Amino acid sequence: MLTFRLKSFSFLVISLSILLFVLAACAPAAPSVAAPTPADLVLDNSAEPTPENPTAIATMEPPPTLTVMPTTPPNVPSLEEAEFELGEALPKVPTTPQESAEATPVAVVIDDQGYRELAWEEMVPPGFRPEDIMAKYQDELNQMQDGDSAAMDLYDLMQEEFMNAPINSELNAQKIKLPGFIAPLEYQDDTITEFLLVPYFGACIHVPPPPANQTVYVTAADGNGVDVGDSYYPVWVVGELLAEGQTTDIGVAGYRIQNATITPYDYNQ
Amino acid sequence: MIWRIAFKSAWHRRVGLLLTIFSISVSMFLLLGVDKVRKEAHNSFVNTISQTDLIVGARSGSINLLLYSVFRIGNATNNVSWESFQDIAALDEVAWTVPISLGDSHRGFRVMGTNEDYFQHYRYGQDEALAFQEGVPFSDLYDTVLGAEVADSLGYVLGDEIIISHGAIATEFAAHDDKPFHVVGILERTGTPVDRTVHISLEGIEAIHIDWNAGVRMPLEISAEQARKFDLEPQTITAFMLGLENRIQTFQVQRAINEYREEPLQAIVPGVTLAELWRSIGVFEQVLAVLAALVLFSALIGMLTSVLSTLNERRREMAVLRAVGAHPYHILLLFMLETLMIVVAGCLFGLLLLYVGLAMARPLLAELYGISIALTPPDGGQWMMIGVAILLALIISLIPGIVAYRRSVEDGLSIRI
């Protein structure tokens, strides 16, 4: 009698331990399974031909003159949401147009190593922020009739201005902490060592690309790369921001962070 | 002392146990094999291209473009016109370009048309450039540079003549045999699909197709020397790689190419597309890993079944051991040691099967998928899998062990038949 009970009990224990073993084998990979799936990774570029000049000689328009729809203010997801939609940005403290015009920084959070949290809006220099550009053309827009086709051209002009805005050189050599999403560039085995950091998810696919002042070229410090499985999640990048206004012998224009430390973004903070 | 008893007892029942060992070794082979091939495939893919900002081709799908342009897996759906290529290459933001043209083959190896920029700008692994074992890049119309694997497996040296075939499979009637190519260079081994590629100039591709129409040779033949008189500037290419002056402008240039009005093109960022590829096959990898774990589980249950079923016959053995002074816990230990020997033998044999299997599959995987498998010893993760398997087996062996322990206490020293 006793032997029978012992046998069945030990069989139960064995089965549970094997189940745990199988779960343990799957658990490290589980985040990638539950990861947000971008809606459609296959490029869907159905561009309509321009009606005005079908026989125009092929001239390649350089990137700045992009006729793209502007990004509408992204939906700020609730802090509990684990899934990100294309174009969604991370939750942020909203700034009013007056605040940005006065260039008042949002509450400065400095951590114990002297790195302060940077907001993506600060990377656009004052005067070029969307609110400022909107204010600049407000009068002209107000003078237009309803349904005026010139309104679209004006909007394209404003969009161009935003896309071509320079970088904010005041941020050069500042120690900052910046949250964002990863577009991988270079790998070492299964680790991403160099990547572009962008403000919203899926920047590389469908939604209009971020302007040059909303993109950071990050090089991870040795041994600090991001695992491929984690690259679809937002991260904190901590390091010294280099902001070169012009391309020089020693560097190219744009924001860069070298020897960065990368940690997962905990949106439940 | 107890080891010897355990070993001799097991040896006595070796036929059944060998089958058990074999089933465990097959399951370990599966478990470790899945993990190893997965890791090697990742490394191969990741190490194939480096420092290239965009790859541009006709519109199909991003993963498709990556596979056919870099890994030579699959085929292009359409070509890129020479004008579009030149337009984009002339952009200020573009620092360098490497055009490539695929479609022909030589005895199973892909032939790629390109120009001398390829040898200068193509990088693989950790920003490593292509190096020559011997020879120089092509300069004359009918020169060719071979990858290391092509030269080794077909035994070519500098100065040899080769015939290029039309299409990916070599057939006699589709050979460009009137225009042989001379080997002028052989590249160092890279561990990437470059090793399995025959490189010729873009003009060479035009020359061999000059008297072909829609994949068929025309009756009006043009000899190799006559072909030189023609204007051999390429009309189309399959795809091209490009590097930018400033990597931060990657997205802007990519978007501009995607919206290029003159021709439907797409530009991909290789790093991003590789991550997409891993995600697509990531689910399969996990399913395979779970399946392999379940196979191990069933092998261990099989071992448990066989040991339990022989328990009855071994009662006399246990009684004899008790009679010569063995303590009941020695009986338990005996069963655990026997299981330990079985599972360790199974793991070792499984490793042997793994390496033999990988060694045999290496050429096939390299040819079909461009994956190079390195026969390295198991890494930390794999040793842990072996460790967990042994631990599980030991836990399972407790069942028959405890049953035998109790029975030996019940039976005492008398033998009940």
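Values for this structure:
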quantity: B:Val283, sole failed condition from (1) surrounded by fewer than 19 Cβ atoms within 10 Å (Cβ to Cβ); (2) assigned to a helix (DSSP H, G or I); (3) over 18 Å from the mean Cα position of the chain (by Cα); calculated: (3)
quantity: Tally, over the range B:233-246, of residues that are surrounded by 19 or more Cβ atoms within 10 Å (Cβ to Cβ) and within 7 Å of chain A (Cβ to nearest Cβ); calculated: 1
quantity: Every pair of residues 6+ apart whose Cβ atoms lie under 6 Å, when the first sits in the range B:117-137 and is at positive phi while the second is buried (at least 16 other Cβ atoms within 10 Å of the Cβ); calculated: B:Gly125/B:Asn47; B:Asp127/B:Ser50; B:Asp127/B:Gln51; B:Gly135/B:Val184; B:Gly135/B:Gly185; B:Gly135/B:Ile186
quantity: Search result, residues across the range A:135-157 that are of a type in the set (A, V, I, L, M, F, W, C) and out of contact with any Asp or Glu (no Cβ under 7 Å at 6 or more places or on another chain); calculated: A:Ala135, A:Leu141, A:Met144, A:Ala150, A:Ala151, A:Met152, A:Leu157
quantity: Residue match in the range B:225-232 (condition: surrounded by fewer than 21 Cβ atoms within 10 Å (Cβ to Cβ), under 14 Å from B:Val111 (Cα atoms) and either touching a strand residue (DSSP E or B) at 6+ places or on another chain (Cβ under 9 Å) or hydrophobic (A, V, I, L, M, F, W, C) (or both)); calculated: no
quantity: Residue match in the range B:58-68 (condition: away from chain A (no Cβ under 13 Å) and on the phi > 0 side of the Ramachandran plot); calculated: no
quantity: Where a residue in the range A:215-231 is more than 8 Å from A:Ile192 (Cβ to Cβ) and its partner, wherever it lies, is buried (at least 17 other Cβ atoms within 10 Å of the Cβ) and among the polar types (S, T, N, Q), with Cβ under 6 Å and at least six apart; calculated: A:Gly229/A:Ser32
quantity: Candidates B:Ala90, B:Ala95 - the one that is over 16 Å from B:Ile268 (Cβ atoms), within 13 Å of another protein chain (Cβ to nearest Cβ) and out of contact with any strand residue (DSSP E or B) (no Cβ under 6 Å at 6 or more places or on another chain); calculated: B:Ala90
quantity: Filter result (surrounded by fewer than 16 Cβ atoms within 10 Å (Cβ to Cβ), farther than 26 Å from B:Asn47 by Cα and small (Gly, Ala, Ser)) within the range B:78-112; calculated: B:Ala90
quantity: Odd one out for A:Phe181 among (1) within 14 Å of chain B (Cβ to nearest Cβ); (2) of a type outside the set (A, V, I, L, M); (3) farther than 25 Å from B:Pro270 by Cα; (4) in a strand (DSSP E or B); calculated: (3)
quantity: Pairs where the first residue, in the range B:387-411, is within 21 Å of B:Ser25 (Cβ to Cβ) and assigned by TED's automatic domain parsing to the domain that holds B:Asn312 and the second is assigned to a helix (DSSP H, G or I) and hydroxyl-bearing (Ser, Thr, Tyr), C-beta under 8 Å, 6+ apart; calculated: B:Leu392/A:Ser17; B:Ala393/B:Thr339; B:Leu394/B:Thr339; B:Ile395/A:Ser17; B:Ile396/B:Thr339; B:Ser397/B:Thr339
quantity: Residue match in the range B:283-294 (condition: in contact with a helix residue (DSSP H, G or I) (Cβ under 6 Å, 6 or more places away or on another chain), within 11 Å of another protein chain (Cβ to nearest Cβ) and of a type in the set (D, E, K, R)); calculated: yes
quantity: Conditions (1) touching a strand residue (DSSP E or B) at 6+ places or on another chain (Cβ under 6 Å); (2) at pLDDT 90 or above: number failed by B:Phe109; calculated: (2)
quantity: Check on B:Ser50, touching a Lys or Arg at 6+ places or on another chain (Cβ under 8 Å), more than 14 Å from B:Ile100 (Cβ to Cβ) and small (Gly, Ala, Ser); calculated: yes
quantity: Members of the range B:370-388 that are outside any helix (DSSP H, G or I) and hydrophobic (A, V, I, L, M, F, W, C); calculated: B:Ile371, B:Ile373, B:Ala374, B:Leu375
quantity: Qualifying residue in the range B:42-57 (condition: at pLDDT 90 or above and closer than 22 Å to B:Gly167 by Cβ); calculated: yes
quantity: Residue list for the range B:23-55, filter: away from chain A (no Cβ under 12 Å) and either in contact with a helix residue (DSSP H, G or I) (Cβ under 6 Å, 6 or more places away or on another chain) or not in a helix (DSSP H, G or I) (or both); calculated: B:Ser23, B:Ile24, B:Ser25, B:Ser27, B:Met28, B:Phe29, B:Leu30, B:Leu32, B:Gly33, B:Ile55
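The values are calculated or read from the model by the stated rules, or taken from the named source; none is laboratory data. Fair warning: this is a prediction, and the values are worked out from it, not measured in the lab. So basically every Cβ, Gly included, is an ideal-geometry build from the backbone, and we count neighbours across all protein chains shown.
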